[in-house]
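Visitor: Encoded as structure tokens, here's the structure I'll be asking about.
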Protein chains: 2
Amino acid sequence: MTIQLYDLAAADEARRFSPYCWRTRMALKHKQLDFETIPWRFTDKEAIAFTNQIFVPVLVDGKTVVNDSWRIAEYLDQTYPDQPKLFDSAMAKAEAHFIGHWADSMVHGSVSRMIILDIFNQVDPKDREYFRTSREKRFGKSLEAVQAERESAKDDLGKALVPMRRSIKEQAFLGGEKPGYADYSVFGAFQWARIISSYEILKPDDEIKEWRNRMLALFGGYAASYLPPGA
Amino acid sequence: MTIQLYDLAAADEARRFSPYCWRTRMALKHKQLDFETIPWRFTDKEAIAFTNQIFVPVLVDGKTVVNDSWRIAEYLDQTYPDQPKLFDSAMAKAEAHFIGHWADSMVHGSVSRMIILDIFNQVDPKDREYFRTSREKRFGKSLEAVQAERESAKDDLGKALVPMRRSIKEQAFLGGEKPGYADYSVFGAFQWARIISSYEILKPDDEIKEWRNRMLALFGGYAASYLPPGA
């Protein structure tokens, strides 16, 4: 039975924009596993009630249900050890977890501040009230006010990416010559922005773009094949 | 012939305070290699002129001279593959490099702002002019003015450590159950502060202290055996 992934969708079902679901999508491609996605909206709590979870990604593999992108990555490497590894050693896994936390805490915030109103404008109508209320509470201001300061958020992202910029001057991917789960952890944020917004979150001369292009080209251009808005 | 490490010293020769030299010291202990250190001051350029370098750490292993803490770590794992590994895979090494860059760019700055005047007060008299001039140029203000704002730097450090705090809630070390070079990269900054200053760079309830204590206890309390100032 094909693996199923509950995957956050916008009003346009083809627009799958969750950074965490993208971590899992890239991980599944890396593992060379077939999967199908089930579009899910923020307010579809009943659809995943059987998982005892209220957020995606949720992975259903036969009788096994796994939630949380990190736990899904662990599950995939454990369950399919003969497929290409997301982590090639215990230390690589531990360090990739740090890099995931770094993306969560140092990258996602700045990216969200650049695209939060664009997300609102794309989410399913039934998700709009939930989305605006929860995010305005988090930011302490209106979505419009947050996104109005996106140039400042771009500066912040540029500074946060300093260690990554140094890394990719020395190696093609955070995982070395080949990409690993650390790369997918960070790429989720870039694909999130790309799928939902036409705004360029990086400055014109940022070398991170070269890495982003390499990520978009992986697996036969898998991530690139998802058209940016307006395309 | 015993490995030699040129190691930055304060006026008090026993006070070895370079964060980068501490990365190398911990790496040498991890590799279970015997070594001796040669105290070196900032202005001792002639003493290491034979290496074509002007900064420490410099490692001399027989006829081989290696500078730069990262290159030394690579050299040690390549040259002594049967000793405990600093990196247990290619991916682990690539990701540890990222974590080292993260420490350099997101940790060292805040730490230095808390201890810069304390360093000045400890450096060898012949290094003082160089140290004050170069650091005041870097900060754009006097060492006294920088350190006067150390509470603000402590706040910044606390925020920068978010991803690390999350990691060590799940695992004892950044490298997993056992420490690796990623841990030594970050620990260098903590030992730098501990050796040169009595100022506590972490807030009272910071869980990072538990990790720091584990690091101080490694190798029979090797790093802990270096007494903090005033002790």
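Values quoted throughout were computed directly from the atomic coordinates according to the rules given, and no laboratory measurement underlies them. None of these values were measured; they are calculated from a predicted model. Virtual Cβ from ideal backbone geometry, glycine too; neighbours counted across all protein chains shown.
Visitor: In whole Å, largest first, what are the principal axis extents of the Cα atoms in the protein assembly as shown?
Guide: Over the protein assembly as shown, Cα extents along the principal axes are 70, 49, 40 Å.
Visitor: Check B:Asp7: other-chain or 5+ apart residues with amide H under 5 Å from its amide H, H built from backbone geometry?
Guide: Answer set, sorted by chain and number: B:Ile38, B:Trp40.
Visitor: Structure shown: which of B:Lys31/B:Lys137; A:Lys45/A:Lys141; A:Lys85/B:Lys85; A:Lys63/B:Lys169; A:Lys137/A:Lys169 lie over 32 Å apart, alpha-carbon to alpha-carbon?
Guide: Numbers: B:Lys31/B:Lys137 38 Å; A:Lys45/A:Lys141 26 Å; A:Lys85/B:Lys85 20 Å; A:Lys63/B:Lys169 30 Å; A:Lys137/A:Lys169 39 Å.
Too far apart for the 32 Å limit: B:Lys31/B:Lys137; A:Lys137/A:Lys169.
Visitor: Excluding A:Asp44 itself, calculate the net charge of residues whose Cβ lies under 12 Å from the Cβ of A:Asp44, where each Lys or Arg counts +1 and each Asp or Glu counts -1.
Guide: For residues surrounding A:Asp44, the net value is -1.
Visitor: Also, I was wondering about something else. Report the relative contact order of chain B, percent, no decimals, based on alpha-carbon pairs under 8 angstrom and at least 6 residues apart.
Guide: For chain B, the relative contact order is 24 percent.
Visitor: What order do you get for A:201-214, B:83-96 when each peptide is scored by the mean count of other beta carbon atoms within 10 Å, highest first?
Guide: Put in order of decreasing packing, that is B:83-96, A:201-214.
Visitor: Between rounded, prolate and oblate, where does chain B land on the alpha carbon gyration tensor, with a ≥ b ≥ c its root eigenvalues, rounded for a/c under 1.5, else prolate if a/b exceeds b/c?
Guide: Judged from the Cα gyration tensor, chain B comes out oblate (a/c at least 1.5, b/c at or above a/b).
Visitor: Pull up the cross-link candidates among the aspartates and glutamates for A:Lys203, meaning alpha carbon to alpha carbon under 18 Å and not fewer than 8 places away within one chain.
Guide: Within reach: A:Glu149, A:Glu151, A:Asp155, A:Asp156.
Visitor: Before anything else, pin down the relative contact order of region A:3-79: Cα pairs under 8 Å, at least 6 apart, normalised by residue count, whole percent.
Guide: Answer for region A:3-79 is 37 percent.
Visitor: Let me ask something additional. Counting each DSSP H run of 4 or more residues in chain B as -39500 (n - 2.57), what helix-only mean residue ellipticity at 222 nm follows after dividing by all residues, to the nearest 500 deg cm²/dmol?
Guide: So the helix-based figure for chain B works out to -16000 deg cm²/dmol.
Visitor: Can you tell me the dipole magnitude for chain B around its Cα centre, using point charges on the Cβ only (Lys, Arg +1; Asp, Glu -1), in Debye to the nearest 20?
Guide: Computed charge dipole of chain B: roughly 260 debye.
Visitor: Now, a different point. If you plug each phi of region A:96-102 into the Karplus form 6.51 cos²θ - 1.76 cosθ + 1.60 with θ = phi - 60°, what whole-Hz ³J(HN,Hα) values come out, in order, with x for Gly and Pro?
Guide: With the stated coefficients, region A:96-102 comes to 5, 5, 4, 5, x, 5, 5 Hz.
Visitor: From the backbone phi of region A:193-205, what are the Karplus-calculated ³J(HN,Hα) couplings (6.51 cos²θ - 1.76 cosθ + 1.60, θ = phi - 60°) in whole Hz, Gly and Pro given as x?
Guide: These are the phi-based 3J(HN,Hα) values: 5, 5, 6, 10, 8, 8, 6, 7, 7, 10, 6, x, 9 Hz.
Visitor: Treating only the Cβ of Lys, Arg, Asp and Glu as charged (+1, +1, -1, -1), what charge dipole size does region A:184-229 show about its Cα centre? Round to the nearest 20 debye. Show your work: numbers first, answer last.
Guide: Working: 5 positive and 5 negative charges, 31 e Å.
Charge dipole of region A:184-229: 140 debye, to the nearest 20.
Visitor: Quick one: 3J(HN,Hα) in Hz for region B:120-130, Karplus 6.51/-1.76/1.60 with θ = phi - 60°, rounded, Gly and Pro as x.
Guide: 3, 5, 9, 5, 4, x, 6, 8, 5, 5, 4
Visitor: Using a simple charge model, +1 on the beta-carbon of Lys and Arg, -1 on the beta-carbon of Asp and Glu, nothing else, what dipole does region B:89-210 show about its Cα centre, in debye to the nearest 20?
Guide: For this selection, approximately 280 debye.
Visitor: For B:Tyr226, enumerate residues with amide H under 5 Å from its amide H, sequence gap 5+ or separate chain, H modeled in the peptide plane.
Guide: Those lying under 5 Å, H to H, from B:Tyr226: there are none.
Visitor: Something else now. Given C-alpha coordinates of region A:90-220, what is the ratio Rg to Rh with the Kirkwood estimate of Rh?
Guide: Taking Rh as the inverse mean 1/r over Cα pairs, Rg/Rh reads 0.99.
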